[in-house]
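**Q** Pasting a structure here, questions to come.
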Number of protein chains: 2
Amino acid sequence: MIYLDNAASSFKKPKCVIEMVDYALKFLTANPGRGSHIAADSVATIVYSTREEIKKFLNAPNYDVIFTLNCTQALNLAIFSMLKAGDHVITTSYEHNAVLRAIYSIKGLEITILDCDMQNIVKNLKTNLKPNTKMIITNHISNVTGEECDIAAVGAFCKEHNLIYLVDGAQSVGHTQIDLTKSNVDMLAFAGHKGLYAITGVGGLVVKKGINLKPLVFGGTGTNSESVIQPTDIPEGLESGTLPSIPIVSLYAGVKFVSKNFSYIQKKEQNLSNYLYKKLKNLNFLEIYSKSNSKNVFSFNIKNCSDRLVADELNQRKGICVRSGLHCAPLVHKKLNTCGAVRVSLDFFNTPEEIDALISTLNEIANS
Amino acid sequence: MIYLDNAASSFKKPKCVIEMVDYALKFLTANPGRGSHIAADSVATIVYSTREEIKKFLNAPNYDVIFTLNCTQALNLAIFSMLKAGDHVITTSYEHNAVLRAIYSIKGLEITILDCDMQNIVKNLKTNLKPNTKMIITNHISNVTGEECDIAAVGAFCKEHNLIYLVDGAQSVGHTQIDLTKSNVDMLAFAGHKGLYAITGVGGLVVKKGINLKPLVFGGTGTNSESVIQPTDIPEGLESGTLPSIPIVSLYAGVKFVSKNFSYIQKKEQNLSNYLYKKLKNLNFLEIYSKSNSKNVFSFNIKNCSDRLVADELNQRKGICVRSGLHCAPLVHKKLNTCGAVRVSLDFFNTPEEIDALISTLNEIANS
């Protein structure tokens, strides 16, 4: 099997993550923050350290980390905390349904979708600003084209105009350098199981201190237990119920792995991306939607051939795992004028040989 | 270490769960339902089987299983789907803040809290029924006293009066026999990591087919991706974003373990409960809040001694892990007239010797 669907979930986990989970299954299964005994304390300590490691990795000393089930819940937490009827939000056609479906569910919210290219976002923000504009939401790296948004430029614009800036980091965290403080990002949502190599079951929202969030879920927080009114403690008041402590523990190992090896990871992924793009460009039977500077994520179609068929053939012929369809991002496909595309997404554990196998199988399919 | 805090989370995991997670870390890390390749399909198959195993275990062929982060999110999903301003809900003082804080967050909702004992619930439901009563919510087994609610009696009452019945099964699923169909339960919320021995990161709502739920979270569902409007598919429309697939896979092994050994588990836990209660009863320095028929969960105080001090002493003297405080269930403590209690909670992996160690350490503390 050749796994090229890392934008959906990383497949291969670093040894330290596997070992950490193995250890956790034996010694870290108690409920953190729900008791003061040794078993609960051991987990609570690692949960705390995971928040700190994430803050360090993203240069976010003045932020809090709120753990959620996945990146989608983190985006929803940010969106439903900030936006209500009468507000105006500006976002882009690159967004995932985790953003789009959330904002379209808010009755009376005014929505502007920028249909421009990633590099022209700031110019377009300017012309679409309204007196009731409250928030800007952008993808950091597109989960369809791999194009990167200049979040520092958008962040500066938001700071200048006193707007809240939310970044969807599902495809960027762990893959590209992020400095939340310098970039003036107010909130960043991330997935644990993608570029940070944790197991599924945890995502998070990194939020600038001082921003008030409203809970999506109400329940036990381990704080103010005498009150039937949800407390406002951060992060507890936003993390009702038992934390996904084992996924968090795996995330601890994952973040440590990534931050320790980050320059090597970036360099290797950049080389793989360049290699893949160059090889794809040589196939004249392809229509390619990604750019030469796309990061890790590349989409294309074989001309006159359905994306689904190509993905199925890759899977059946050589066990090559890629995604077809709309990748939960319908508006960018509309912009690209496709009804679906084949998406190849890389991570640190891929190899040039796997890319060679992909290319030769694409040749086979096109010629069959 | 002696772990007696299983109501917060089971600590020891069955060998099959540990082995399953170990396997999953190597082969089941793809994203289920987000691709049609071999890696995604392998996980999707187990996720599907987990739903089926849960339905079988609870005799719920005419129900759906919706996976959430934890039991709290499952309860919130049920509550926010059903209740709005103007409705009336009846619940009990035994409830956890996962229920209480959720219902108290709904502005304009009329709330009746029954302060009666578990065995008198039905009689009290009758006298509190109103024309706008929509839903009854009860704990199945109290996380403070271990008392069991006769859910079949409440279910029959709800059926007769056309009310929605939601059961909080956090402390019962995996510990006591449940027949959802026979008991006329409309919705049951459960935690994966307690009586079902999964790792943290997954809970669920088992919901009767035909009941319409509203999503708490909006996003990618792997269905109708072309639409920016949340789809209504069940379960997908209620499970936005990446599923906690590794926790679910561990739940698969956990449910299989429990259902295969269920009569033995029940018998062993009953014997342990009886043994513990008898031993506690012999300690005349205790005030006990649980009953002779309490299941697995027993709360008490050493007279004139703070619950926190006793829990800390148990931890420090012999590494005995128990919970002090309010256990996120403030109203039952008010009813019991306590400001906190020491809670001992058992599961299948506990032993009489551990109970003996607890009892002798309690004696030591009381006499010191």
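**Q** Using a label point 7 Å beyond Cα on the Cα-Cβ vector, give me the inter-copy distances for B:Lys159 in nanometres, one decimal, shortest first.
**A** Copy-to-copy label distances at B:Lys159, shortest first: 6.4 nm.
**Q** Take chain B, connect every pair of alpha-carbon atoms lying under 10 Å apart with a spring to form a Gaussian network, then pick out the residue of B:Phe67, B:Phe11, B:Phe285 with the largest mean-square fluctuation.
**A** B:Phe285
**Q** Quick one: helix A:15-27 against the long Cα principal axis of chain A, what's the angle to the nearest 10°, folded into 0 to 90?
**A** Relative to chain A, helix A:15-27 is tipped by roughly 40 degrees.
**Q** What average number of partner chain Cβ atoms lie no more than 10 Å from the Cβ of the residues making up B:249-256?
**A** Other-chain Cβ atoms within 10 Å of each residue's Cβ, averaged: 1.
**Q** Can you show me the helix-derived [θ] at 222 nm for chain B, built from DSSP H runs with n ≥ 4 at -39,500 (n - 2.57) apiece and divided by the number of residues, rounded to the nearest 500.
**A** Using -39500 (n - 2.57) per qualifying helix, the result is -12000 deg cm²/dmol.
**Q** By how many degrees, 0 to 90 and rounded to 10, does the Cα axis of helix B:71-82 deviate from the longest principal axis of chain B?
**A** Computed tilt is about 60 degrees.
**Q** Please identify, among B:Gln73, B:Gln316, B:Gln270, the residue showing maximal mean-square fluctuation in a Gaussian network model of chain B using a 10 angstrom Cα cutoff.
**A** B:Gln316
**Q** Could you work out how far the C-alpha centroid of region A:153-184 sits from that of region B:241-304, in angstrom?
**A** 47
**Q** If you don't mind, another one. Can you tell me what share of the DSSP beta bridges in chain B is antiparallel? A percent to the nearest 5 is fine.
**A** Numbers: 20 of 39 bridges.
Counting only bridges with both partners in chain B, antiparallel ones make up about 50 percent.
**Q** Put a point 7 Å out from Cα along the line to Cβ at A:Leu283; what are the distances to that point in the other copies, in nm, shortest first?
**A** Distances between equivalent label points, in nm: 6.9.
**Q** What FRET efficiency comes out for the pair B:Thr181/A:Cys339, r = Cβ-Cβ distance, R0 = 51 Å, nearest 0.05?
**A** 0.75
**Q** Further question: Please provide three numbers in whole Å: the alpha-carbon extents of chain A along the principal axes, with the largest listed first.
**A** 70, 55, 32
**Q** How tilted is helix B:262-281 with respect to the longest principal axis of chain B? Cα atoms for both, answer in degrees (0 to 90, nearest 10).
**A** The angle comes out at about 30 degrees.
**Q** Could I ask something else about it? Using only Cα atoms, what is the ratio of the radius of gyration of the protein assembly as shown to 2.2 N^0.38 Å?
**A** Details: Rg = 26.0 Å, N = 736, 2.2 N^0.38 = 27.0 Å.
Dividing the Cα Rg of the protein assembly as shown by 2.2 N^0.38 Å gives 0.96.
**Q** Give the average, rounded to an integer, of partner chain Cβ atoms located within 10 angstrom of each Cβ in A:94-105.
**A** Counting Cβ atoms of other protein chains within 10 Å of each residue's Cβ and averaging gives 6.
**Q** Report, for A:Asp22, each distance to the same residue's label point in the other copies, shortest first and in nm; define the point 7 Å along Cα→Cβ.
**A** 0.8
**Q** Please give the average number of partner chain Cβ atoms lying within 10 Å of the Cβ of each residue in B:26-34, rounded to a whole number.
**A** On the way: counts 4, 2, 3, 10, 11, 11, 3, 1, 8.
Taking all residues of B:26-34 together, the mean is 6.
Just so you know, all these numbers are worked out from the coordinates, no wet-lab data involved. If you're wondering where the values come from, they're calculated on a predicted model, not measured in any experiment. In this analysis, Cβ positions are derived from the backbone assuming ideal geometry, glycine residues included, and neighbour counts consider all displayed protein chains.
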